[in-house]
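Undergrad: One structure, as structure tokens, below. Some questions next.
The values are calculated or read from the model by the stated rules, or taken from the named source; none is laboratory data. The shown structure was predicted, so the numbers you read here are calculated from the model rather than taken from an experiment. Here the Cβ positions follow ideal geometry from the backbone for every residue, glycine too, while neighbour counts run over all protein chains shown. Protein only, heavy atoms only, side chains kept; ligands, DNA and RNA dropped before computing areas. Shrake-Rupley method; radii C 1.70, N 1.55, O 1.52, S 1.80 Å.
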Amino acid sequence: MVSILPPVHPGEILREEYLGPLKITAGGLARTLNVPRTRIERLIGEQTSITSDTALRLARFFDTTPEFWMNMQVSYDLKIAAAAKREELAAIPVISAA
């Protein structure tokens, strides 16, 4: 399966769609979520992944669901892995379940 859209890191979504419009800093969000400031800074810097703990906290604060945040992370991880292993995966035969 070929994806037309490039992978989008969940940290980019957090930064551009939540923190920016709401004028919340990484430090402010970290204090509110009771997590280390570096956790949020690394996340919005696209240096680390969303953990289940962070997903639960973000969901509570932004009135979303933890699945929303985790699904973004899984989608990103799958797109990155698929691109990295494109040739190896293409060499695997497909068997019909019929």
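Undergrad: Could you provide, to the nearest whole Å², the per residue accessible area of the chain with probe 1.4 Å? Each step should come with its number before you reach the end.
TA: Numbers: 7050 Å² over 98 residues.
Normalised by residue count, the accessible surface of the chain is 72 Å².
Undergrad: Residue separation times 0.36 nm, minus the C-alpha to C-alpha distance between LEU56 and ILE80: what's the value?
TA: Details: separation 24, 0.36 × 24 = 8.64 nm, distance 2.38 nm.
Once the chain is fully extended between LEU56 and ILE80, it gains 6.3 nm.
Undergrad: Dividing the Cα convex hull volume of the chain by residue count, how many Å³ per residue is that?
TA: Values: hull volume 12.2 nm³, N = 98.
Taking only Cα atoms, the chain has a hull volume of 125 Å³ per residue.
Undergrad: Report the semi-axes of the equivalent ellipsoid for region 23-78 in whole Å, largest first, where each axis is √(5λ) for an eigenvalue λ of the Cα gyration tensor. Don't skip to the answer; put the middle values down first.
TA: On the way: eigenvalues 63, 38, 15 Å².
Each semi-axis is √(5λ); the values are 18, 14, 9 Å.
Undergrad: Something else about it: If I model a spin label at ARG42 and ALA91 as a point 7 Å from the Cα along the Cα→Cβ vector, what separation in nanometres do I get?
TA: Rounded to a tenth, the inter-label distance reads 3.4 nm.
Undergrad: Provide the net charge surrounding ARG39, with neighbours chosen by a C-beta distance below 10 Å and charges set as Lys +1, Arg +1, Asp -1, Glu -1. Let's see the in-between values first.
TA: Details: positive: ARG37, ARG42, ARG57; negative: GLU41, ASP53.
Its environment carries a net charge of +1.
Undergrad: Let me ask you something else. Per-residue ellipticity at 222 nm for the chain, helices alone: DSSP H runs ≥ 4 residues times -39500 (n - 2.57), over residue total, nearest 500 deg cm²/dmol? Present the calculation step by step, with values, prior to reporting the outcome.
TA: Details: 6 runs with 55 residues, N = 98.
My calculation for the chain gives -16000 deg cm²/dmol from helical runs alone.
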